[in-house]
Amino acid sequence: MRNRLLLFLLLALAISAQTPPSVKGGMVVSQERLASEAGAQVLREGGSAVDAAVATAFALAVVHPAAGNLGGGGFLLSRPVDGPPSFVDFREAAPGAAGPRMWLKAGVYDEARHHRSLASVGVPGTVAGLHEAWRREGRLPWARLLHPAIRLAREGFLLSENQAASLAEQLPEFRKHGPTLAQFSRDGLPLRTGDRLVQRDLARTLVRISKDWRDFYRGRTARLILRDTRENAGLIRAADLAAYRPVLREVLRGRYRGLEVLAAPPPSSGGQVLIEALNILEGYDLRAAGAGSPAAVHLASEALRRAFADRARFLGDPAFNLDMPLDRLLSKAYAGELRGTIEPDRASVSAPDRFTWPRDRPDTTHLSVIDRRGSAVSLTYTLEDSYGLKRIVPGAGFLLNNELGDFNGGPGLTDATGLIGTPPNLAGPGKRPLSSMCPLILVKDGAVLLVSGSPGGRSIPSTVLETVLNVVDFGMDARAAVDTPRFHHQWLPDRIQVEAGLAEATRAALKAMGHDLSVVKKQGCAQVILVRDGQAEGAADSRRWADSGLAAE
Ligand code: DON
């Protein structure tokens, strides 16, 4: 009898070791409640975490047009409970006509062409990427996942204060392009809080995609894109659209204090910066220093400074940069060497010999999903600027990106005004511009602990890093991990950007160490899920958007 009991106990133990602990209730956190609701409903119907992410992303393209998109691109990191983690790269690709000197006019850098012309539009990856993720890990029918987006576009939705203010702010820009003005205003006048925004062309495009996603690349939607780009000196041609493929990439992996870090590989620099910085920070007792303390901010800034310097030097599209030394950059030994160059109470100096940075632009958006079995998805996607090129494809109802602005301006162009001209990230046919987006999943003892990500251009890896430190080193809950004042260092310019909420005493101490500080009101907009004791707790960032974008299953 005793033997049997022992056998039973051993068996139960073996089974529980194989079955990762599940989560009490699934959850979607995004920047918009209506979009998160669309994803949560998919979970209720038995959809996978990827299903929920896809439905949320399509809904965001309707209710959060500043960054949610069909005409942009991004990255989807998935960690199913019953399979290996995967990473779908659906970053935009440069068209065949692109080249390293494409933003020079008579040899002179043309900023407007780089960031605000149809030449800055990359071949959109979102539709193909979401479809690829669904094909691999979806459970519900593809068309079902587009239903909420179609309904929201066709029947409209009532604009929140945030949405109305965001559209009103952009109205002068929208006036430059008739179809955008028509879709996002009432006969040229601003839409107001409580007004219903109906987007009929967008609804029709979504219906076509729901029937066959290839419509975007080869069908009527493709023809609408091509007509607009051809008539307006854009570079995208039919062959570029037809050739677009999302790329399934190896997840970038690291370890931090015994936890497994799953992050974004190139063409994003998000994972490299994050893991390199975490490796450096692992050698310090941050917990003892305390969250927001001068020591913690100093050490994290110094770690980021070094990781960003490597980013500038080495990172770009892996298909065009075969010699990126990622193994070395992400090794613990290299982190140790870098740690040796950090003084505990003195700011280093960023060698101002090669690079500085262009300004950051909004907008991008992140969503995090977990289902009740514990499968998680972390997805960040973007149009680059807020509302991308601000140009709706006539008849198609969606905005084009201006993502090629993420390429360097031209060969040898590096100068003190903020241009960069290093080779790894120069434009080229079919090449994907270097990104900073940083979808993250942190795993503890085989189960998801944290899902995180944020918009914010180059400040993205810093924001995500701080959500990790807040949870792992400082023991915060999800809400505090998101709300705690942020900071950012990106090597050059050589200063720490701090949020206004960072304590005055900390700022003074950092200055005394020799750091230059710049103060911003807000940094990023993180969407976080933390699993504690088998319970998922989510926190939607209220920095950019006051509404809570959290929806539970
Ligand atoms: O891929 C990138 O890193 C940029 N295009 C993201 C832009 C961005 O996050 C702006 N949002 N605030």
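The values are calculated or read from the model by the stated rules, or taken from the named source; none is laboratory data. No experiment lies behind these values; they were computed from the predicted model shown. All Cβ positions, even for glycine, are placed from backbone atoms using ideal geometry, and neighbour counts span all protein chains on display. Heads up: the accessible areas ignore ligands, DNA and RNA and are worked out on the full protein's heavy atoms, side chains in. Shrake-Rupley method; radii C 1.70, N 1.55, O 1.52, S 1.80 Å.
About its Cα centre, how strong a charge dipole does the chain have in debye, to the nearest 20, once Lys and Arg get +1 and Asp and Glu get -1 at the Cβ?
Details: 68 positive and 59 negative charges, 254 e Å.
For the chain, the charge dipole is close to 1220 debye.
With Kirkwood's inverse mean 1/r over C-alpha pairs for Rh, give me the Rg to Rh ratio of the range 418-553, two decimals please. If you can, show how the numbers build up before the last one.
On the way: Rg = 17.0 Å, Rh = 16.6 Å.
Rg/Rh for the range 418-553 comes to 1.02.
What residues have an amide H closer than 5 Å to that of S386, excluding those fewer than 5 places away on the same chain, when H is modeled at 1.01 Å from N in the peptide plane?
D363
Which of the peptides 106-118, 339-351 is most tightly packed, and how do the rest follow, going by the mean number of other Cβ atoms within 10 Å of each residue? All intermediate terms of the calculation are to be shown ahead of the outcome.
Details: 106-118: 15.2, 339-351: 13.7.
Sorting 106-118, 339-351 by mean packing, highest first, produces 106-118, 339-351.
Going down the table (K105/K176; K105/K431; K105/K390; K431/K521), which pairs top 28 Å between alpha carbons? Intermediate results must be reported in sequence, preceding the final value.
On the way: K105/K176 23 Å; K105/K431 21 Å; K105/K390 23 Å; K431/K521 35 Å.
As for pairs spanning more than 28 Å Cα to Cα, those are K431/K521.
Could you compute the FRET efficiency for D477 and D187, with r as their C-beta to C-beta distance and R0 at 30 Å, rounded to 0.05? Walk me through the numbers before you get to the answer.
Numbers: r = 47 Å, r/R0 = 1.57.
For R0 = 30 Å, the calculated efficiency reads 0.05.
Report the far tail of the P(r) of the range 243-322, meaning the percent of Cα-Cα pairs longer than 21 Å. Provide the component values of the computation, followed by the final result.
Working: 1179 of 3160 pairs.
Result: 37 percent of Cα pairs exceed 21 Å.
Per residue, how many Å² of accessible area does the chain show with a 1.4 Å probe? Please report the intermediate quantities before stating the final value.
Details: 20730 Å² over 553 residues.
With all protein chains present, the chain gives 37 Å² per residue.
Enumerate the calculated ³J(HN,Hα) couplings along the range 224-237 in order (Karplus 6.51 cos²θ - 1.76 cosθ + 1.60, θ = phi - 60°), each rounded to whole Hz, writing x wherever the residue is Gly or Pro.
Couplings: 5, 4, 5, 4, 5, 5, 5, 6, 10, 6, x, 9, 6, 10 Hz.
Going by amide H atoms built from the backbone, whose H comes under 5 Å of the H on K431, apart from near neighbours?
Long-range HN contacts for K431: A94.
Show me 253-260, 149-156 ranked by packing, highest mean number of other Cβ atoms within 10 Å first. Could the numbers behind the result be given before it?
On the way: 253-260: 16.4, 149-156: 20.5.
So the order, starting with the most tightly packed, is 149-156, 253-260.
Give the span of the range 79-231's Cα atoms along each principal axis, as three whole-Å numbers ordered largest to smallest.
54, 44, 30
Check which residues have an amide H placed less than 5 Å from V520's amide H, if you skip close sequence neighbours.
V498, E499, A500
Rounded to whole Å and sorted largest first, list the principal axis extents of the Cα atoms in the range 471-517.
Result for the range 471-517: principal-axis Cα extents of 32, 23, 19 Å.
Please list, in order along the range 109-121, the HN-Hα scalar couplings obtained from phi with the Karplus expression 6.51 cos²θ - 1.76 cosθ + 1.60 (θ = phi - 60°), rounded to whole Hz, x for Gly and Pro.
4, 10, 4, 5, 5, 5, 10, 10, 10, 5, 6, 8, 8
Convert each backbone phi in the range 204-221 into a coupling constant with the Karplus relation 6.51 cos²θ - 1.76 cosθ + 1.60 (shift: θ = phi - 60°), then list the ³J(HN,Hα) values in order as whole Hz, x for Gly and Pro.
5, 4, 4, 4, 4, 5, 5, 7, 7, 4, 5, 3, 5, 9, 9, x, 4, 4
In 20 Å bins starting at zero, report the fraction of Cα pairs in the chain per bin as a rounded %.
Taking all Cα pairs of the chain, the binned fractions are 23, 56, 19, 1, 0 percent.
Would you mind putting 262-270, 445-453, 289-297, 178-186 in packing order, based on average other-beta-carbon counts within 10 Å, highest first?
Working: 262-270: 28.0, 445-453: 23.3, 289-297: 19.8, 178-186: 17.6.
The peptides rank, most packed first, as 262-270, 445-453, 289-297, 178-186.
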